[in-house]
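Just so it is clear, none of the values below were taken in a lab; they were calculated from the coordinates. For clarity, every value in this text was computed on a predicted model and none was experimentally measured. Please note: Cβ atoms are built from the backbone with ideal geometry, for glycine as well, and neighbour counts cover all protein chains shown.
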Amino acid sequence: MTHYDVLVVGAGTSGMMAAISAAEHGATVALVEKNKFVGRKLLVTGNGRCNVTNNRDKEEIIHHIPGNGRFLYGAFHQYDNYDIMAFFRSHGVALKEEDHGRMFPTTDKSRTIVDTLKQIMEDMKIDLFLDAPVETVLYEDNQAIGVLLQDGRTLSSSRVILSTGGRAMPKTGSTGDGYAWAKKAGHTIKPLYATEVPVTSDEPFITERVLQGLSLRDVNVSVLNKKNKAVISHRMDMIFTHFGVSGPAVLRCSMFVHQTMTRDKTEEATMAIDSLPDVSLGELTQTLERLAKNEGDKSTKNTLKQFGPERYILFGLDKLGVDSDKAFKTVTNQERAAIASYLKDFRFTVNGSLPIEKAFVTGGGVHTKEVNPKTLESKKMNHLYFTGELLDYNGYTGGYNITGAFITGRVAGMNAALSALEEKA
Ligand SMILES: Cc1cc2nc3c(=O)[nH]c(=O)nc-3n(C[C@H](O)[C@H](O)[C@H](O)COP(=O)(O)OP(=O)(O)OC[C@H]3O[C@@H](n4cnc5c(N)ncnc54)[C@H](O)[C@@H]3O)c2cc1C
């Protein structure tokens, strides 16, 4: 039976990079994947265009990994987003930058990235086991020694890297298998939750689908804790749906909905929309006063349509009990104040999110305190390493998770190879 220096479980984003890195550092490598082909999740990222990394500086990248991003500093110092770009460019992949620093292959096809990784693995003679689900990781004398496949075969290795991903979008193969093997090795698994996911609400205006399908552009969306303090705000687009709210601003807020509910020990959290983030409440109040004075004969709905989509305005007026057809000059001071408050700070309760399976990313995972941040090696089990979404860190979409996956893969692969070769020497 072949014995490998390094065996990687999971040919996803981080696993392929880990295998390549280990091979580049001189190790014999096996990469074991349950799917019939590699990089299934990577193929669907960035709407099938593969948001391969982000062009922002280190601090900004870490800032966009709000779930435990600081854990990644140790790996980032060894390999960063610019190294990822250099890696792909050196293998003939031209990259381009789009909004918010997002990097894509110029072909606009994820296939370019996955095929490049495949080719490198082939060139480096990495043994790829496809359609080969791992049943369990084998441990002996407090060290990882290989894996047992579901078909009964065992593969032995000096180092094992777990790159099995989280539980988001399980049809890509990421069904969370690695958590049980980490637990078996003595690790704590921080509770899993959905992140980068639409948020649910049972407010009547949601269940009655009053605003379903309405998008608000460039608004400020916040999550408030039980003291009504904003724990996070994101200024981007959002959309009302039949179950709650979604869109880029909401996806970014989603992990904070879970965190706030957990911290506050409540079944609900509050979200707030500032639909006019460029004007203060004071300025808006003055503008409304001026309009009432100078153009007060116009109907209220016509006067207010400059402040947002008509559906949003009409919903607000209905909620406040203000007749939308009456002349704006007849709106009372109190009603005007309530309208200004609605436009600047519309609050509604939310009660969670769609499940992890419908999320882009899994929050929680292998406790990062139990993993060496410089090598990605387990502190609980010798010769065992972790990469990617299996670990308890999570970023916003925009290339931040992929960056984390490539970087942890790179560093784990290198360290696993170096330590296996040192032992052999
Ligand atoms: C639709 C979608 C869009 C996304 N868009 C973005 C984006 O634009 N930017 C961004 O930063 N992130 C994005 N992400 C998140 C990002 O793709 C992931 O965080 C990243 O790919 C995780 O890499 P990974 O290596 O940890 O896991 P994965 O890439 O999920 O790889 C895990 C691999 O392990 C294999 N595996 C699992 N169990 C076993 C087993 N028992 N035996 C053998 N193999 C096994 C799986 O089949 C899979 O191939 C997106 C995610 C989704 C679902």
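Which of the residue pairs 229/379; 41/125; 34/358; 58/109 have a Cα-Cα distance greater than 29 Å in the structure shown?
Details: 229/379 38 Å; 41/125 23 Å; 34/358 21 Å; 58/109 26 Å.
Beyond 29 Å: 229/379.
Sequence-distant or interchain residues sharing an amide H contact under 5 Å with residue 391, placed H: which?
Residues meeting the amide H criterion: 366.
Can you give me the Cα centroid spacing of the stretch 258-287 and the stretch 210-248 in angstrom?
Using only Cα atoms to place each centre, the spacing works out to 9 Å.
For residue 424, go through the aspartates and glutamates and keep the ones whose alpha-carbon is under 19 Å away, minus same-chain ones fewer than eight residues off.
By straight Cα distance, residue 424 reaches 5, 24, 140, 141, 377.
Determine ³J(HN,Hα), in whole Hz, for all residues of the stretch 288-293 in sequence, where each value follows from phi through the Karplus function 6.51 cos²θ - 1.76 cosθ + 1.60 and θ = phi - 60°; x replaces Gly and Pro.
With coefficients 6.51, -1.76 and 1.60, one gets 5, 4, 4, 5, 4, 6 Hz.
Once the piece of chain linking residue 44 and residue 229 is laid out straight, how much longer is it, given 0.36 nm per residue of separation minus the C-alpha distance between them? Before the final figure, lay out the partial values.
Numbers: separation 185, 0.36 × 185 = 66.60 nm, distance 3.63 nm.
Stretched fully, the residue 44-residue 229 segment lengthens by 63.0 nm.
For the stretch 198-353, with only Lys/Arg (+1) and Asp/Glu (-1) charged at the beta-carbon, what is the dipole magnitude about the Cα centre, in debye rounded to 20? List each step's numbers first, then the result.
Values: 21 positive and 20 negative charges, 59 e Å.
Dipole size: approximately 280 debye.
Of the options 72, 8, 219, report the single residue whose Cα projects farthest towards the positive end of the charge dipole of the chain (beta-carbon charges: Lys, Arg +1; Asp, Glu -1).
219
List every residue whose amide H lies under 5 Å from the amide H of residue 8, counting only residues 5 or more places away in sequence or on a different chain, with H placed 1.01 Å from N in the peptide plane.
So residue 8 has HN proximity to 30, 31, 32, 161.
Applying the Karplus parametrisation 6.51 cos²θ - 1.76 cosθ + 1.60 with θ = phi - 60° to the phi angles of the stretch 263-274, what ³J(HN,Hα) value in whole Hz is obtained for each residue in order, glycine and proline being reported as x?
With the stated coefficients, the stretch 263-274 comes to 5, 7, 6, 10, 8, 9, 9, 10, 10, 10, 10, 9 Hz.
Along its three principal axes, how long is the stretch 198-353 when you only count alpha carbons? Whole Å, largest extent first please.
49, 29, 24
Just tell me the longest site-free run in the chain, where the sites are GluC sites (Glu not before Pro) in a DSSP loop having at most 11 other beta-carbon atoms within 10 Å. Numbers along the way, then the final one.
Details: sites that count: 208, 267.
It runs 1-207.
Quickly work out the residue 97-to-residue 156 label distance, labels modelled 7 Å from Cα along the C-beta direction, and quote it in nm with one decimal.
For residue 156 paired with residue 97, the spin-label model returns 5.1 nm.
Only Lys, Arg, Asp and Glu count, each charged at its Cβ (+1, +1, -1, -1), so figure out the dipole size of the chain about its Cα centre, rounded to 20 debye. Before the final figure, lay out the partial values.
Working: 50 positive and 50 negative charges, 103 e Å.
The calculated dipole for the chain is roughly 500 debye.
Okay, helix-only estimate at 222 nm for the chain: each DSSP H run of n ≥ 4 adds -39500 (n - 2.57), divide by all residues, round to 500 deg cm²/dmol; what do you get?
Working: 14 runs with 151 residues, N = 425.
Theoretical 222 nm ellipticity from helices: -10500 deg cm²/dmol.
Please compute, for the alpha-carbon atoms of the chain, the extent along each of the three principal axes and give them in descending order in Å.
88, 45, 34
For a quick check of your reading of the filter: which trypsin sites (Lys or Arg not before Pro) in the stretch 179-261 sit in a DSSP loop and have no more than 15 other Cβ atoms within 10 Å? Don't skip to the answer; put the middle values down first.
Values: sites: 183, 184, 209, 217, 226, 227, 229, 235, 252; in loops: 209, 226, 227, 229.
Answer by residue number: 209, 226, 227, 229.
Looking at this model, which pairs from 301/329; 171/369; 226/265; 96/171 are more than 20 angstrom apart at the alpha-carbon?
On the way: 301/329 12 Å; 171/369 30 Å; 226/265 10 Å; 96/171 29 Å.
Where the Cα-Cα span goes over 20 Å, the pairs concerned are 171/369; 96/171.
Hey, for a label at residue 124 modelled as a point 7 Å past Cα toward Cβ, could you say which residues of the stretch 80-107 have their backbone N under 19 Å away?
Once the point is set 7 Å along Cα→Cβ of residue 124, 80-94 turn out to lie under 19 Å by backbone N, inside the stretch 80-107.
Sort 411-420, 298-307 by the packing proxy (mean of other Cβ within 10 Å over each peptide's residues), most packed first. If you can, show how the numbers build up before the last one.
Working: 411-420: 25.7, 298-307: 17.9.
Those peptides, ordered most packed to least, come out 411-420, 298-307.
Calculate, for residue 135 and residue 278, the FRET efficiency according to 1/(1 + (r/R0)^6) with r their C-beta to C-beta distance and R0 60 Å; round to the nearest 0.05.
Details: r = 57 Å, r/R0 = 0.94.
Computed FRET efficiency for residue 135 and residue 278: 0.60.
Considering only DSSP states other than H, G, I, E and B, which trypsin sites (Lys or Arg not before Pro) in the stretch 75-153 qualify as loop sites with at most 14 other Cβ atoms within 10 Å? Provide the component values of the computation, followed by the final result.
On the way: sites: 89, 96, 102, 109, 111, 118, 125, 153; in loops: 109, 125, 153.
Counting only loop positions with at most 14 other Cβ atoms within 10 Å, the trypsin sites (Lys or Arg not before Pro) in the stretch 75-153 are 125, 153.
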